[in-house]
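Here the structure is laid out as C-alpha coordinates; the discussion comes afterwards.
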Amino acid sequence: MALSALVVTVGVALGADEHDVVALTHALTEAGLAVTGRFAVDDDEAALEQALAVGAAVTVILAGSGSSSGDVVRRTLARLAGARLILNDRALAALAEQYRRRERALPRRAERLALLPQGAVLWLSPESDPAFVLETGGRVIAVLPRGADLAAVVRQHLAPFLAGRTGPGETVLTRTLRTAGVSIADVEERLAEHMARADAAITVLPAGSGDFEVWVRIVARGAGAAETLARVEGEVAAVLGEDCYGRDDETLERVVGRLLVERGLTLSVAESCTSGLLGHRITDIAGSSAYFERGVLVYSNQAKQDLLGVPEAILRTHGAVSAPCAEAMVRGICARSGNPVGLAITGIAGPDGGTPTKPVGTVFIGVAVSDDVEARRFQFAGDRSSVKWQSTQMALDMLRRRLMRRGV
(Lines give C-alpha, C1' and ligand atoms only; values in the text may rest on other atoms or scores of the structure.)
Protein backbone atom coordinates (compact mmCIF):
# COMPACT_ATOMS: atom_id res chain seq x y z
CA MET A 1 0.00 0.00 0.00
CA ALA A 2 1.33 3.44 -0.93
CA LEU A 3 2.54 5.78 1.80
CA SER A 4 0.29 8.76 2.46
CA ALA A 5 1.51 12.29 1.73
CA LEU A 6 0.24 15.67 2.86
CA VAL A 7 0.97 19.00 1.12
CA VAL A 8 0.91 22.18 3.21
CA THR A 9 1.41 25.70 1.84
CA VAL A 10 2.18 28.48 4.29
CA GLY A 11 1.41 32.16 3.81
CA VAL A 12 0.24 31.93 0.21
CA ALA A 13 -2.88 33.56 -1.26
CA LEU A 14 -5.36 31.22 -2.91
CA GLY A 15 -4.26 30.28 -6.42
CA ALA A 16 -0.77 31.73 -6.11
CA ASP A 17 0.67 28.31 -5.23
CA GLU A 18 -1.12 26.38 -7.97
CA HIS A 19 1.93 25.69 -10.18
CA ASP A 20 4.02 24.57 -7.22
CA VAL A 21 1.32 22.27 -5.87
CA VAL A 22 0.84 20.60 -9.26
CA ALA A 23 4.58 19.95 -9.62
CA LEU A 24 4.76 18.60 -6.09
CA THR A 25 1.75 16.34 -6.47
CA HIS A 26 3.16 14.74 -9.61
CA ALA A 27 6.55 14.17 -7.97
CA LEU A 28 4.97 12.60 -4.90
CA THR A 29 2.61 10.36 -6.85
CA GLU A 30 5.27 9.18 -9.26
CA ALA A 31 7.48 8.37 -6.26
CA GLY A 32 4.77 5.95 -5.18
CA LEU A 33 2.99 8.05 -2.56
CA ALA A 34 -0.72 8.76 -2.24
CA VAL A 35 -1.48 12.47 -1.76
CA THR A 36 -4.30 12.34 0.76
CA GLY A 37 -4.65 15.99 1.70
CA ARG A 38 -3.71 19.59 1.09
CA PHE A 39 -3.79 22.50 3.51
CA ALA A 40 -3.17 26.22 3.04
CA VAL A 41 -2.45 28.08 6.29
CA ASP A 42 -1.56 31.63 7.27
CA ASP A 43 1.78 32.69 8.72
CA ASP A 44 0.70 31.34 12.08
CA GLU A 45 2.48 28.71 14.15
CA ALA A 46 -0.70 27.38 15.77
CA ALA A 47 -2.41 26.98 12.38
CA LEU A 48 0.60 25.16 10.94
CA GLU A 49 0.85 22.88 13.95
CA GLN A 50 -2.82 21.99 13.58
CA ALA A 51 -2.33 21.13 9.90
CA LEU A 52 0.68 18.95 10.73
CA ALA A 53 -1.41 17.01 13.25
CA VAL A 54 -3.07 15.22 10.33
CA GLY A 55 -1.53 11.78 10.14
CA ALA A 56 0.63 11.28 7.04
CA ALA A 57 3.84 9.35 6.48
CA VAL A 58 5.26 12.22 4.44
CA THR A 59 4.46 15.92 4.73
CA VAL A 60 5.78 18.47 2.27
CA ILE A 61 5.66 22.12 3.31
CA LEU A 62 5.94 24.95 0.77
CA ALA A 63 7.12 28.24 2.22
CA GLY A 64 9.40 31.10 1.29
CA SER A 65 12.55 30.70 3.39
CA GLY A 66 13.22 34.43 3.34
CA SER A 67 9.70 35.43 4.27
CA SER A 68 7.86 35.39 7.58
CA SER A 69 6.38 32.04 6.55
CA GLY A 70 9.88 30.53 6.54
CA ASP A 71 10.41 31.69 10.12
CA VAL A 72 7.06 30.23 11.16
CA VAL A 73 7.91 26.86 9.61
CA ARG A 74 11.37 26.63 11.19
CA ARG A 75 10.15 27.53 14.67
CA THR A 76 7.16 25.19 14.49
CA LEU A 77 9.16 22.19 13.31
CA ALA A 78 11.86 22.77 15.92
CA ARG A 79 9.22 22.80 18.66
CA LEU A 80 7.45 19.68 17.36
CA ALA A 81 10.74 17.79 17.09
CA GLY A 82 11.94 18.99 20.49
CA ALA A 83 15.05 20.35 18.77
CA ARG A 84 16.97 23.62 18.81
CA LEU A 85 17.34 25.87 15.79
CA ILE A 86 21.01 25.85 14.85
CA LEU A 87 22.99 27.79 12.27
CA ASN A 88 23.81 25.59 9.27
CA ASP A 89 27.12 26.74 7.80
CA ARG A 90 26.45 25.08 4.43
CA ALA A 91 23.11 26.86 4.12
CA LEU A 92 24.74 30.19 5.01
CA ALA A 93 27.52 29.62 2.47
CA ALA A 94 24.97 28.75 -0.23
CA LEU A 95 23.03 31.93 0.47
CA ALA A 96 26.23 33.98 0.33
CA GLU A 97 27.06 32.47 -3.07
CA GLN A 98 23.59 33.27 -4.40
CA TYR A 99 23.92 36.92 -3.38
CA ARG A 100 27.45 37.09 -4.80
CA ARG A 101 26.23 35.91 -8.22
CA ARG A 102 23.53 38.58 -8.10
CA GLU A 103 26.19 41.15 -7.19
CA ARG A 104 24.35 41.96 -3.99
CA ALA A 105 25.59 42.15 -0.42
CA LEU A 106 24.57 39.37 1.94
CA PRO A 107 21.81 40.87 4.15
CA ARG A 108 22.16 40.90 7.90
CA ARG A 109 19.16 38.62 8.19
CA ALA A 110 20.98 35.84 6.29
CA GLU A 111 21.90 33.98 9.46
CA ARG A 112 18.22 33.75 10.32
CA LEU A 113 17.55 32.17 6.90
CA ALA A 114 20.22 29.53 7.58
CA LEU A 115 18.72 28.37 10.86
CA LEU A 116 17.50 24.77 10.71
CA PRO A 117 16.04 22.42 13.33
CA GLN A 118 18.75 20.22 14.82
CA GLY A 119 18.86 16.92 12.92
CA ALA A 120 17.53 18.35 9.65
CA VAL A 121 19.25 17.32 6.42
CA LEU A 122 20.02 20.20 4.06
CA TRP A 123 19.19 20.06 0.35
CA LEU A 124 20.99 22.58 -1.86
CA SER A 125 20.25 23.61 -5.45
CA PRO A 126 22.27 26.28 -7.32
CA GLU A 127 19.47 28.78 -7.96
CA SER A 128 17.17 28.00 -5.06
CA ASP A 129 16.87 28.91 -1.42
CA PRO A 130 17.91 26.01 0.85
CA ALA A 131 15.46 23.17 1.35
CA PHE A 132 15.61 20.59 4.10
CA VAL A 133 14.07 17.37 5.39
CA LEU A 134 13.41 16.43 8.99
CA GLU A 135 12.49 12.98 10.31
CA THR A 136 10.60 13.07 13.60
CA GLY A 137 8.11 10.78 15.32
CA GLY A 138 8.27 8.28 12.46
CA ARG A 139 7.30 10.94 9.93
CA VAL A 140 9.19 12.64 7.13
CA ILE A 141 8.70 16.42 6.85
CA ALA A 142 10.27 18.13 3.84
CA VAL A 143 10.39 21.91 3.58
CA LEU A 144 10.75 23.24 0.04
CA PRO A 145 11.05 26.83 -1.22
CA ARG A 146 8.26 28.25 -3.37
CA GLY A 147 9.01 29.70 -6.75
CA ALA A 148 10.39 28.99 -10.20
CA ASP A 149 13.21 26.75 -8.90
CA LEU A 150 10.92 24.27 -7.17
CA ALA A 151 11.04 21.84 -10.09
CA ALA A 152 14.82 21.55 -9.71
CA VAL A 153 14.53 20.85 -5.98
CA VAL A 154 11.92 18.16 -6.62
CA ARG A 155 14.01 16.55 -9.35
CA GLN A 156 17.36 16.64 -7.55
CA HIS A 157 16.34 15.94 -3.96
CA LEU A 158 12.72 15.17 -3.10
CA ALA A 159 11.93 12.56 -5.76
CA PRO A 160 15.13 10.51 -5.23
CA PHE A 161 14.69 10.68 -1.46
CA LEU A 162 11.10 9.45 -1.61
CA ALA A 163 11.86 6.84 -4.27
CA GLY A 164 14.47 5.41 -1.95
CA ARG A 165 11.89 5.06 0.81
CA THR A 166 9.12 3.45 -1.26
CA GLY A 167 11.32 0.91 -3.00
CA PRO A 168 12.37 0.43 -6.65
CA GLY A 169 10.70 -1.36 -9.47
CA GLU A 170 7.09 -0.22 -9.87
CA THR A 171 6.24 2.22 -12.63
CA VAL A 172 3.78 4.88 -11.52
CA LEU A 173 2.33 7.38 -14.02
CA THR A 174 -0.14 10.17 -13.35
CA ARG A 175 -2.39 12.51 -15.28
CA THR A 176 -4.41 15.38 -13.85
CA LEU A 177 -7.45 16.55 -15.82
CA ARG A 178 -8.60 20.04 -14.87
CA THR A 179 -12.23 21.11 -15.00
CA ALA A 180 -13.92 24.47 -14.44
CA GLY A 181 -17.49 25.59 -13.89
CA VAL A 182 -18.71 22.29 -12.40
CA SER A 183 -19.03 21.12 -8.80
CA ILE A 184 -17.11 18.28 -7.22
CA ALA A 185 -20.41 16.46 -6.61
CA ASP A 186 -21.29 16.68 -10.31
CA VAL A 187 -17.88 15.36 -11.38
CA GLU A 188 -18.05 12.50 -8.89
CA GLU A 189 -21.51 11.52 -10.08
CA ARG A 190 -20.46 11.54 -13.74
CA LEU A 191 -17.33 9.48 -13.00
CA ALA A 192 -18.89 7.08 -10.46
CA GLU A 193 -18.41 3.98 -12.61
CA HIS A 194 -14.86 4.94 -13.56
CA MET A 195 -13.82 5.59 -9.96
CA ALA A 196 -14.57 1.94 -9.14
CA ARG A 197 -12.42 0.52 -11.94
CA ALA A 198 -9.48 -1.77 -11.12
CA ASP A 199 -6.95 -0.84 -13.81
CA ALA A 200 -6.33 2.74 -12.57
CA ALA A 201 -6.97 4.84 -9.47
CA ILE A 202 -9.17 7.88 -10.10
CA THR A 203 -9.52 10.62 -7.50
CA VAL A 204 -11.67 13.75 -7.69
CA LEU A 205 -10.12 16.72 -5.89
CA PRO A 206 -11.27 20.26 -5.13
CA ALA A 207 -8.69 22.63 -6.59
CA GLY A 208 -9.38 25.64 -4.39
CA SER A 209 -11.95 27.64 -2.53
CA GLY A 210 -15.47 27.61 -3.91
CA ASP A 211 -17.11 25.08 -6.16
CA PHE A 212 -15.82 26.20 -9.53
CA GLU A 213 -12.68 24.15 -10.24
CA VAL A 214 -12.19 20.43 -9.76
CA TRP A 215 -9.27 18.20 -10.72
CA VAL A 216 -9.46 14.54 -11.66
CA ARG A 217 -6.25 12.65 -10.95
CA ILE A 218 -5.58 9.34 -12.73
CA VAL A 219 -2.84 7.02 -11.46
CA ALA A 220 -1.72 3.95 -13.40
CA ARG A 221 0.81 1.46 -12.04
CA GLY A 222 2.79 -1.49 -13.30
CA ALA A 223 4.39 -2.63 -16.54
CA GLY A 224 1.52 -1.44 -18.75
CA ALA A 225 1.07 1.88 -16.99
CA ALA A 226 1.57 4.05 -20.09
CA GLU A 227 -1.03 2.21 -22.15
CA THR A 228 -3.47 2.08 -19.25
CA LEU A 229 -3.09 5.77 -18.52
CA ALA A 230 -3.69 6.75 -22.14
CA ARG A 231 -6.80 4.60 -22.39
CA VAL A 232 -8.34 5.70 -19.09
CA GLU A 233 -7.52 9.35 -19.74
CA GLY A 234 -9.37 9.23 -23.06
CA GLU A 235 -12.44 7.64 -21.49
CA VAL A 236 -12.55 10.06 -18.55
CA ALA A 237 -11.95 13.10 -20.76
CA ALA A 238 -14.85 12.03 -22.97
CA VAL A 239 -17.15 11.95 -19.94
CA LEU A 240 -16.00 15.37 -18.76
CA GLY A 241 -16.40 16.89 -22.23
CA GLU A 242 -16.18 20.67 -22.53
CA ASP A 243 -15.86 21.04 -18.77
CA CYS A 244 -12.29 19.71 -18.98
CA TYR A 245 -10.07 22.62 -19.91
CA GLY A 246 -6.55 21.22 -19.52
CA ARG A 247 -4.11 18.61 -18.33
CA ASP A 248 -1.42 18.54 -15.66
CA ASP A 249 0.09 22.03 -15.33
CA GLU A 250 -2.05 23.73 -18.00
CA THR A 251 -3.72 26.83 -16.55
CA LEU A 252 -6.85 28.50 -17.86
CA GLU A 253 -4.92 31.59 -18.90
CA ARG A 254 -2.53 29.47 -20.96
CA VAL A 255 -5.37 27.57 -22.61
CA VAL A 256 -7.27 30.78 -23.41
CA GLY A 257 -4.12 32.30 -24.90
CA ARG A 258 -3.66 29.29 -27.17
CA LEU A 259 -7.29 29.45 -28.33
CA LEU A 260 -6.96 33.16 -29.14
CA VAL A 261 -3.79 32.57 -31.16
CA GLU A 262 -5.34 29.67 -33.08
CA ARG A 263 -8.28 31.90 -34.04
CA GLY A 264 -6.22 35.01 -34.77
CA LEU A 265 -8.10 37.06 -32.14
CA THR A 266 -6.98 39.70 -29.65
CA LEU A 267 -8.38 40.38 -26.20
CA SER A 268 -8.93 43.44 -24.01
CA VAL A 269 -10.23 43.43 -20.43
CA ALA A 270 -11.96 45.83 -18.06
CA GLU A 271 -11.71 45.16 -14.31
CA SER A 272 -13.24 46.63 -11.21
CA CYS A 273 -13.25 44.38 -8.11
CA THR A 274 -10.37 42.17 -9.33
CA SER A 275 -7.97 45.13 -9.34
CA GLY A 276 -5.92 44.01 -12.35
CA LEU A 277 -5.60 40.32 -11.41
CA LEU A 278 -7.21 39.18 -14.66
CA GLY A 279 -4.78 41.18 -16.77
CA HIS A 280 -1.87 39.96 -14.65
CA ARG A 281 -2.78 36.31 -15.12
CA ILE A 282 -3.15 36.70 -18.88
CA THR A 283 0.09 38.64 -19.36
CA ASP A 284 2.05 36.38 -17.02
CA ILE A 285 2.21 33.93 -19.93
CA ALA A 286 5.23 34.38 -22.20
CA GLY A 287 4.14 35.55 -25.66
CA SER A 288 0.86 37.04 -24.44
CA SER A 289 1.55 40.22 -26.40
CA ALA A 290 0.45 38.27 -29.48
CA TYR A 291 -3.15 38.18 -28.24
CA PHE A 292 -3.56 40.66 -25.36
CA GLU A 293 -4.09 44.29 -26.39
CA ARG A 294 -4.98 46.26 -23.26
CA GLY A 295 -6.61 46.28 -19.86
CA VAL A 296 -8.25 49.05 -17.86
CA LEU A 297 -8.91 49.23 -14.13
CA VAL A 298 -12.13 51.13 -13.38
CA TYR A 299 -12.92 51.20 -9.68
CA SER A 300 -15.19 54.23 -9.47
CA ASN A 301 -18.43 54.89 -11.31
CA GLN A 302 -16.83 57.95 -12.89
CA ALA A 303 -14.00 55.83 -14.27
CA LYS A 304 -16.50 53.41 -15.76
CA GLN A 305 -18.20 56.31 -17.53
CA ASP A 306 -15.04 58.12 -18.62
CA LEU A 307 -12.96 55.15 -19.78
CA LEU A 308 -15.62 52.69 -20.94
CA GLY A 309 -18.65 54.83 -21.72
CA VAL A 310 -20.92 53.03 -19.24
CA PRO A 311 -24.18 55.05 -19.34
CA GLU A 312 -25.00 56.96 -16.18
CA ALA A 313 -28.54 55.63 -16.42
CA ILE A 314 -27.30 52.06 -15.99
CA LEU A 315 -25.24 52.97 -12.94
CA ARG A 316 -28.13 54.91 -11.43
CA THR A 317 -30.79 52.29 -12.11
CA HIS A 318 -28.92 49.00 -11.72
CA GLY A 319 -25.73 49.94 -9.90
CA ALA A 320 -22.09 49.21 -10.72
CA VAL A 321 -22.49 45.63 -9.52
CA SER A 322 -25.04 44.39 -12.04
CA ALA A 323 -25.39 42.46 -15.28
CA PRO A 324 -26.21 45.60 -17.33
CA CYS A 325 -23.06 47.29 -16.03
CA ALA A 326 -20.87 44.25 -16.80
CA GLU A 327 -22.34 44.11 -20.30
CA ALA A 328 -21.77 47.84 -20.83
CA MET A 329 -18.20 47.51 -19.56
CA VAL A 330 -17.31 44.71 -21.96
CA ARG A 331 -18.96 46.50 -24.89
CA GLY A 332 -17.03 49.63 -23.93
CA ILE A 333 -13.61 47.99 -23.79
CA CYS A 334 -14.20 46.27 -27.13
CA ALA A 335 -15.32 49.52 -28.77
CA ARG A 336 -12.40 51.56 -27.45
CA SER A 337 -9.75 48.97 -28.21
CA GLY A 338 -11.17 47.87 -31.54
CA ASN A 339 -10.87 44.24 -30.42
CA PRO A 340 -13.59 41.68 -31.11
CA VAL A 341 -12.98 39.86 -27.81
CA GLY A 342 -13.42 41.33 -24.35
CA LEU A 343 -13.90 40.46 -20.69
CA ALA A 344 -15.27 42.60 -17.86
CA ILE A 345 -15.59 41.96 -14.14
CA THR A 346 -17.48 43.98 -11.54
CA GLY A 347 -18.49 42.89 -8.06
CA ILE A 348 -18.05 43.01 -4.29
CA ALA A 349 -14.85 41.31 -3.16
CA GLY A 350 -15.36 42.23 0.51
CA PRO A 351 -14.98 42.21 3.36
CA ASP A 352 -17.34 45.23 3.32
CA GLY A 353 -19.83 46.60 0.82
CA GLY A 354 -22.37 43.78 0.70
CA THR A 355 -26.14 44.20 0.92
CA PRO A 356 -28.98 41.71 1.45
CA THR A 357 -29.62 41.54 -2.30
CA LYS A 358 -25.94 41.72 -3.28
CA PRO A 359 -23.87 40.12 -0.51
CA VAL A 360 -20.08 40.00 -0.43
CA GLY A 361 -18.92 37.64 -3.17
CA THR A 362 -21.51 38.83 -5.70
CA VAL A 363 -19.72 39.21 -9.04
CA PHE A 364 -20.95 39.89 -12.58
CA ILE A 365 -18.80 38.87 -15.53
CA GLY A 366 -19.29 40.07 -19.07
CA VAL A 367 -17.81 38.37 -22.13
CA ALA A 368 -17.93 39.48 -25.75
CA VAL A 369 -16.84 37.61 -28.86
CA SER A 370 -17.59 39.38 -32.14
CA ASP A 371 -20.63 41.34 -30.87
CA ASP A 372 -22.07 38.29 -29.11
CA VAL A 373 -22.26 39.57 -25.53
CA GLU A 374 -23.23 37.72 -22.35
CA ALA A 375 -23.23 38.74 -18.69
CA ARG A 376 -23.60 36.27 -15.81
CA ARG A 377 -23.95 36.56 -12.06
CA PHE A 378 -21.86 34.48 -9.63
CA GLN A 379 -21.82 34.12 -5.87
CA PHE A 380 -18.33 33.29 -4.66
CA ALA A 381 -17.32 32.20 -1.16
CA GLY A 382 -14.18 33.01 0.79
CA ASP A 383 -12.12 36.06 1.66
CA ARG A 384 -11.23 38.99 -0.59
CA SER A 385 -8.33 37.30 -2.37
CA SER A 386 -10.41 34.15 -2.88
CA VAL A 387 -13.29 36.07 -4.45
CA LYS A 388 -10.90 37.89 -6.77
CA TRP A 389 -9.21 34.66 -7.86
CA GLN A 390 -12.48 32.84 -8.49
CA SER A 391 -13.78 35.82 -10.47
CA THR A 392 -10.84 35.73 -12.85
CA GLN A 393 -11.06 31.95 -13.10
CA MET A 394 -14.68 32.04 -14.18
CA ALA A 395 -14.09 34.94 -16.56
CA LEU A 396 -11.38 32.95 -18.31
CA ASP A 397 -13.58 29.85 -18.39
CA MET A 398 -16.51 31.74 -19.89
CA LEU A 399 -14.24 33.02 -22.65
CA ARG A 400 -12.70 29.58 -23.19
CA ARG A 401 -16.08 28.00 -23.79
CA ARG A 402 -17.10 30.75 -26.21
CA LEU A 403 -13.89 30.36 -28.21
CA MET A 404 -14.18 26.57 -28.37
CA ARG A 405 -17.73 26.80 -29.72
CA ARG A 406 -16.63 29.34 -32.29
CA GLY A 407 -14.07 26.98 -33.79
CA VAL A 408 -10.84 27.84 -35.56
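Below is a table of values for the structure above.
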item: Test for Q379: is it over 16 Å from G295 (Cα atoms), within 27 Å of the chain's Cα centre (by Cα) and surrounded by 17 or more Cβ atoms within 10 Å (Cβ to Cβ); result: no
item: 1 or more residues farther than 18 Å from D71 by Cβ and over 27 Å from the mean Cα position of the chain (by Cα): qualifying strands (runs of 3 or more DSSP E) within the stretch 86-140; result: 121-123, 131-136
item: Pairs, first open to solvent by 10 Å² or more (accessible area, probe 1.4 Å) in the stretch 169-190, second of a type in the set (G, A, S), C-beta under 6 Å, six or more apart; result: T171/A225; V172/G32; L173/A220; L173/A225
item: Any chance A286 is open to solvent by 10 Å² or more (accessible area, probe 1.4 Å), more than 21 Å from S386 (Cα to Cα) and either outside any helix (DSSP H, G or I) or among the polar types (S, T, N, Q) (or both); result: yes
item: Where R217 falls short, out of the listed (1) open to solvent by 10 Å² or more (accessible area, probe 1.4 Å); (2) assigned to a loop (DSSP other than H, G, I, E, B); (3) not hydroxyl-bearing (S, T, Y); result: (2)
item: Residues located in the stretch 39-76, provided they are touching a helix residue (DSSP H, G or I) at 6+ places or on another chain (Cβ under 7 Å), open to solvent by 20 Å² or more (accessible area, probe 1.4 Å) and in contact (Cβ under 8 Å) with a residue 60 or more places away in the chain; result: G66
item: Members of the stretch 320-347 that are under 22 Å from D306 (Cβ atoms) and assigned to a loop (DSSP other than H, G, I, E, B); result: A320, V321, S322, G338, N339
item: Selection within the stretch 220-245 - within 22 Å of T36 (Cα to Cα) and not in a strand (DSSP E or B); result: G222, A225, L229, V232, E233, V236
item: Sole residue being buried (at least 20 other Cβ atoms within 10 Å of the Cβ), modelled with pLDDT of 80 or more and closer than 24 Å to G137 by Cβ, chosen from A83, A91; result: A91
item: Flag if A120 is farther than 19 Å from A27 by Cβ and either at pLDDT below 75 or not β-branched (V, I, T) (or both); result: yes
item: In the stretch 300-322, the residues that are in contact (Cβ under 8 Å) with a residue 40 or more places away in the chain and either open to solvent by 90 Å² or more (accessible area, probe 1.4 Å) or in contact with a Ser or Thr (Cβ under 7 Å, 6 or more places away or on another chain) (or both); result: A320, V321
item: Qualifying residues in the stretch 125-145 (those that are more than 20 Å from A31 (Cα to Cα) and open to solvent by 20 Å² or more (accessible area, probe 1.4 Å)) - the one modelled with the highest pLDDT; result: T136
item: Residue in the stretch 246-274 that is surrounded by the most Cβ atoms within 10 Å (Cβ to Cβ), counting only those that are modelled with pLDDT under 95 and assigned to a loop (DSSP other than H, G, I, E, B); result: T251
item: Total residues in the stretch 373-408, condition out of contact with any Phe, Trp or Tyr (no Cβ under 8 Å at 6 or more places or on another chain) and either closer than 14 Å to A344 by Cα or part of a helix (DSSP H, G or I) (or both); result: 17
item: Filter result (touching a Ser or Thr at 6+ places or on another chain (Cβ under 6 Å) and of a type in the set (D, E)) within the stretch 40-64; result: D43, E45, E49
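Let's see how each residue does on (1) more than 22 Å from V22 (Cα to Cα); (2) in contact (Cβ under 8 Å) with a residue 24 or more places away in the chain:
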| residue | (1), (2) |
| --- | --- |
| D199 | yes, yes |
| A238 | yes, no |
| R247 | no, yes |
| V255 | no, yes |
| I285 | no, yes |
| V298 | yes, yes |
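The values are calculated or read from the model by the stated rules, or taken from the named source; none is laboratory data. What you are looking at is a predicted structure, and each value in this text was computed from that prediction instead of being measured. Note: ideal-geometry Cβ built from the backbone for every residue, glycine included; neighbour counts use all protein chains shown. For the accessible areas, the whole protein counts, side chains as well, though only heavy atoms, and no ligand, DNA or RNA atoms are used. Shrake-Rupley method; radii C 1.70, N 1.55, O 1.52, S 1.80 Å.
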